[in-house]
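Engineer: Quick one: structure below, then a few questions.
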Amino acid sequence: MPEGIGRKEPLSAVQRLFAQKLQSGSPPHAVIVEGPRGCGKRQFALWCAQALLCTSGGDKPCGVCDGCRRVLGGYHPDLHFFGEEATVNVADVRELIRQTGLVPIEGEKSVYLLSHAEKMLPGAQNALLKVFEEPPPGVAIFLLTESRRALLPTVRSRGLTVTLPGLTDAQLYERLRATRPRASEAELASAVRVAQGSLGEAVAFLEKDAQETRERARDWLDACLSGDVYRLIGCIAMARERRDGLLPVFDAFLRLLSDLLLSRVGGTPVLLCAEEAYALSRRVTKNALVRMCGQALVCRERLESYGNTTAALSCFASELCASAGRTVSRDVL
Ligand SMILES: [Zn+2]
């Protein structure tokens, strides 16, 4: 079994099929590797690159030859990486096309990995079409993306798509438990619920910044459930000073409101544990929660369109507290 993705975990059915194609002597040369963040797309593409650039005489990839090791280390001269930057523009793709026309440095094959393919601008995708459909002999191109639907249909139709599944909740929990020994059980459980199989999402959820964002959003919720408009305005003012702005806090706040609504209608909350969501949701009526969600969405849209305006935020805070407070006294809980 090769190193890379094979030794520790068995290949999935789709991966086995792909491996057979690679080893049959006619490997696909244009491949779209799709799957949620952190599911192992890069690992999988590197394993394919090992298979193509392996120098052993036996089953490929052997995982131990010089070629396999250098691929895994990311420094094989015939393995090229693109798409590491924020966007992939036409100039990047033209450089990729230029390089595919060069003779490989060591053997007869060269492999190109383009990460975050969904970030390719339409012009860049169009520029890629011809070489992706028919790469020069010996060239294999792998496009890595969270969703192939973000690619132009013309690009999608020219490559073989390999969809990697996300992790199960149990696998995700084990991975997080092993790498985040200081995280509490409640944090890990929330990360697993939110990530829905994506290790990358789960790791991002546990980052310090994301935790602070949720704490700010929780402050907002507590303030508006108490009907304390001045406290809410103060909380919003604190959130405005954050490096990444207000919008992430709004998103976390909307998730909290959504959890309270879910709890109200008998669903399973995502961010909060069931007990906490239940206790909080009983402080307001369902109608109040629906109004608060609407108000938060409208204010978020305004902020996205016009920036952080004090008037919009103050108005939002008073509307929100009015919704929570008014309904507590008027509606039947
Ligand atoms: Zn090898």
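The values are calculated or read from the model by the stated rules, or taken from the named source; none is laboratory data. Being a predicted model, the structure only gives us computed values, none of them experimental. No Cβ is skipped: glycine too gets one built from the backbone with ideal geometry, and neighbour counts run over all protein chains shown. For accessibility, only protein heavy atoms count, side chains too; no ligands or nucleic acids. Shrake-Rupley method; radii C 1.70, N 1.55, O 1.52, S 1.80 Å.
Engineer: Evaluate the following for residue 232: is it closer than 24 Å to residue 310 by Cβ and open to solvent by less than 20 Å² (accessible area, probe 1.4 Å)?
Structural biologist: When the stated conditions are applied, residue 232 passes them.
Engineer: Applying the selection to segment 36-68, what residues are within 8 Å of the ligand (Cβ to nearest atom) and part of a loop (DSSP other than H, G, I, E, B)?
Structural biologist: If the condition is that a residue be within 8 Å of the ligand (Cβ to nearest atom) and part of a loop (DSSP other than H, G, I, E, B), then 54, 55, 56, 60, 61, 62, 63, 64, 65 are the ones that fit.
Engineer: Here is a further query. Could you list, ordered by first residue, the pairs with Cβ atoms under 9 Å in which the first is in segment 248-262 and closer than 12 Å to residue 292 by Cβ and the second is among the aliphatic types (A, V, I, L, M) and outside any helix (DSSP H, G or I), at least 6 apart or interchain?
Structural biologist: Pairs that qualify, where the first residue is closer than 12 Å to residue 292 by Cβ and the partner is among the aliphatic types (A, V, I, L, M) and outside any helix (DSSP H, G or I), are 256/271; 256/272; 258/270; 258/271; 260/272; 260/284.
Engineer: Please list, ordered by residue number, the helices (runs of 4 or more DSSP H) wholly in segment 143-218 having 3 or more residues that are more than 30 Å from residue 126 (Cα to Cα).
Structural biologist: In segment 143-218, the matching helices (runs of 4 or more DSSP H) lie at 169-179, 185-195, 199-206.
Engineer: OK, next. Any residue in segment 105-127 that is farther than 22 Å from residue 33 by Cβ, within 25 Å of the chain's Cα centre (by Cα) and not β-branched (Val, Ile, Thr)? Can you show your working first?
Structural biologist: From segment 105-127, those farther than 22 Å from residue 33 by Cβ are 105-108, 123; that's our starting set.
Then keep just the ones that are within 25 Å of the chain's Cα centre (by Cα); that gives 123.
Checking which are not β-branched (Val, Ile, Thr) leaves us with 123.
Yes: one or more hits.
Engineer: Looking only at segment 20-50, count how many residues are open to solvent by less than 70 Å² (accessible area, probe 1.4 Å) and within 26 Å of the chain's Cα centre (by Cα).
Structural biologist: Residues flagged as open to solvent by less than 70 Å² (accessible area, probe 1.4 Å) and within 26 Å of the chain's Cα centre (by Cα) within segment 20-50 amount to 18.
Engineer: Let me ask you something else. Condition first: open to solvent by 50 Å² or more (accessible area, probe 1.4 Å) and touching a residue at least 60 places away in the same chain (Cβ under 8 Å). Now tell me which residues in segment 135-150 satisfy that.
Structural biologist: Those that are open to solvent by 50 Å² or more (accessible area, probe 1.4 Å) and touching a residue at least 60 places away in the same chain (Cβ under 8 Å): 146, 148.
Engineer: Name the pairs: first residue in segment 197-211 and within 17 Å of residue 251 (Cβ to Cβ), second residue among the aliphatic types (A, V, I, L, M) and assigned to a loop (DSSP other than H, G, I, E, B), Cβ to Cβ under 6 Å, at least 6 apart or on different chains?
Structural biologist: Here the result reads 206/183, each pair linking segment 197-211 to a residue that is among the aliphatic types (A, V, I, L, M) and assigned to a loop (DSSP other than H, G, I, E, B).
Yes/no matrix, rows are residues, columns are (1) modelled with pLDDT under 90; (2) within 32 Å of the chain's Cα centre (by Cα); (3) assigned to a loop (DSSP other than H, G, I, E, B):
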{"residue": "242", "(1), (2), (3)": "yes, yes, yes"}
{"residue": "268", "(1), (2), (3)": "yes, yes, yes"}
{"residue": "284", "(1), (2), (3)": "yes, no, yes"}
{"residue": "298", "(1), (2), (3)": "yes, yes, no"}
{"residue": "316", "(1), (2), (3)": "yes, yes, no"}
{"residue": "324", "(1), (2), (3)": "yes, no, no"}
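Engineer: Right, here's the next one. Could you tell me which residue of segment 70-81 is farthest from the ligand (Cβ to nearest atom), considering only residues that are over 20 Å from residue 25 (Cβ atoms) and surrounded by 15 or more Cβ atoms within 10 Å (Cβ to Cβ)?
Structural biologist: 80
Engineer: Looking at 17, 53, 114 in this structure, which one is surrounded by 21 or more Cβ atoms within 10 Å (Cβ to Cβ) and either in contact (Cβ under 8 Å) with a residue 60 or more places away in the chain or under 25 Å from residue 166 (Cα atoms) (or both)?
Structural biologist: The conditions single out 114.
Engineer: For residue 22, indicate whether it is over 15 Å from residue 114 (Cβ atoms), modelled with pLDDT under 80, more than 8 Å from the ligand (Cβ to nearest atom) and not in a loop (DSSP other than H, G, I, E, B).
Structural biologist: Yes.
Engineer: Tell me which of these residue 132 doesn't satisfy, since it passes every other one: (1) in contact (Cβ under 8 Å) with a residue 40 or more places away in the chain; (2) open to solvent by 40 Å² or more (accessible area, probe 1.4 Å).
Structural biologist: For residue 132, the exception is condition (2).
Engineer: Additional query: Does residue 103 qualify as being of a type in the set (Val, Ile, Thr), open to solvent by 60 Å² or more (accessible area, probe 1.4 Å) and over 19 Å from residue 60 (Cβ atoms)?
Structural biologist: yes
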